[in-house]
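**Q** Submitted below is the structure of interest, expressed as structure tokens.
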Amino acid sequence: MATTAETELTFTSREHPSPATPEDRAAILANPGFGTNFSDHMVSIDWTEGQGWHTAVIGPREPLSIDPACAVLHYAQEIFEGLKAYRQADGGIAFFRPEANAERFNMSARRLAMPDLPEEVFVESVKRLVDADRAWFPTVEGGSLYLRPFMFASETFLGVRPAKQYKYLVIASPAGNYFKSGAPAVSIWVSADYIRAAPGGTGAAKCGGNYAASLVPQAEAIERGHDQVVFLDAVERKWVEELGGMNLYFVFEDGTLLTPPLTGTILPGITRDSLLTLARDEGLAVREERYSIDQWREDANSGRLVECFACGTAAVVTPVGQVASRDGEFTIGSGGPGQLTEKLKSRLVSIQRGEVADPHGWVTKLGD
Ligand code: PLP
Ligand code: COI
């Protein structure tokens, strides 16, 4: 039993009675994939109106029992986060900007009419899980332990109003490459029929509903032989916003970068924000400006645009080689990874893995 200093929330620990065998675990860790395998434990904390957060447990990862009238099953009052724990060059374990995930979690909570979770509880919860499951780090190059904190309306109630009970959980999944193809660059499909987020909607929140709405356009992309869908703005159907689960950057021949601005319809990615800083550290000019699909095609064809990449926790930094739409296809640069993309990726990854100094104080060690 231990108490977090500011919230007086007491965590109870329960060991898993029958964790994965070392052989099964080793097989998973040698080939983790993304999102298909899970560690032995989970964190669970409950919230009840009038009582606040209570019953914090770090225990075995196990199925939940919920009533068929549980509010989340009907109105999708649910939010989540995604962050990774990394093995460090010195053998330790660290997180990358976990307080930024905690802050974004609460932004999402407010948009979905859910209670705030104190940021220190969020950070403590991921630390406790990683501490319990430190045997679950992949052994493959580039592997990490992906953490999925989430919260849902757990009240048994069918009226349409904010629930009076919530559950916050954290699970962990050993992760390798997000893209199955392992190709050096991905190909993306411009969705003409579907949008991801409209002004005033929930695009800037990380809620499950946004991803549910992206599944049909994402399936359309896959059907046509592409890896990901890219969404345009809902109003003019012209401005490039983001992919289903990643932000976008464009690199021009004069060495400048551009990324779409945070207008409320785009998820404010922590990787996007970190790369803004790292690019400026390198003396590069980065503009947060709208960029149209027509301009994108024109610049790729003229050679003015030399690189493009997607970024996010799961995808890290992934070059975009090909873009396809109903109007045809175009290739960016050589169609493979570009120099600046590789440089920024390596800068980011080496900070995350403790291989170089951390000038912005982004790395939180497990023991801190
Ligand atoms: N955009 C969307 C829609 C996402 O789901 C994600 C992933 O979390 C991102 C962007 C990138 O955000 P981050 O860099 O914080 O992982
Ligand atoms: C992430 O990068 O953490 C994401 O959440 C993207 C996707 C797996 C939903």
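None of the figures in this text is laboratory data; all of them are computed from the coordinates on show. All values reported here derive from a predicted model rather than from experimental measurement. Cβ atoms come from the backbone with ideal geometry, glycine included; neighbour counts cover every protein chain shown.
**Q** So for the pair Arg14, Asn31, with labels modelled 7 Å out along Cα→Cβ, what separation do we get in nm?
**A** 3.4
**Q** Shape of the range 167-311 from its Cα gyration tensor (a ≥ b ≥ c, root eigenvalues): rounded if a/c is under 1.5, otherwise prolate when a/b > b/c, or oblate?
**A** In terms of gyration-tensor shape, rounded.
**Q** Something else about it: Where does the chain land at 222 nm, in deg cm²/dmol rounded to the nearest 500, when only DSSP H runs of n ≥ 4 count, each adding -39500 (n - 2.57), divided by all residues?
**A** Taken over the chain, the calculation gives -8000 deg cm²/dmol.
**Q** Cβ under 10 Å from Leu112's Cβ, Leu112 left aside: what net charge do those residues give with Lys, Arg +1 and Asp, Glu -1?
**A** +2
**Q** Excluding Ser18 itself, calculate the net charge of residues whose Cβ lies under 12 Å from the Cβ of Ser18, where each Lys or Arg counts +1 and each Asp or Glu counts -1.
**A** Surrounding charge for Ser18 is -3.
**Q** Compute the FRET efficiency between Glu141 and Leu284 as 1/(1 + (r/R0)^6), taking r as their Cβ-Cβ distance and R0 = 35 Å, and round to the nearest 0.05.
**A** 0.80
**Q** Further question on the same structure: Could you tell me which of the pairs Lys345/Lys365; Lys127/Lys164; Lys127/Lys206 are separated by over 23 angstrom between their Cα atoms in the structure shown?
**A** The pairs that break the limit, which is 23 Å between Cα atoms, are Lys127/Lys164.
**Q** By the gyration tensor of its Cα atoms, with a ≥ b ≥ c the square roots of the eigenvalues, what is the shape of the range 122-184: rounded for a/c under 1.5, prolate for a/b over b/c, or oblate?
**A** Cα axes put the range 122-184 in the oblate bin.
**Q** Between Lys365 and Tyr211, with labels modelled 7 Å along Cα→Cβ, what's the label distance in nm to one decimal, could you check?
**A** Label at Lys365, label at Tyr211, 3.2 nm between them.
**Q** By the gyration tensor of its Cα atoms, with a ≥ b ≥ c the square roots of the eigenvalues, what is the shape of the range 261-367: rounded for a/c under 1.5, prolate for a/b over b/c, or oblate?
**A** The shape class here is prolate.
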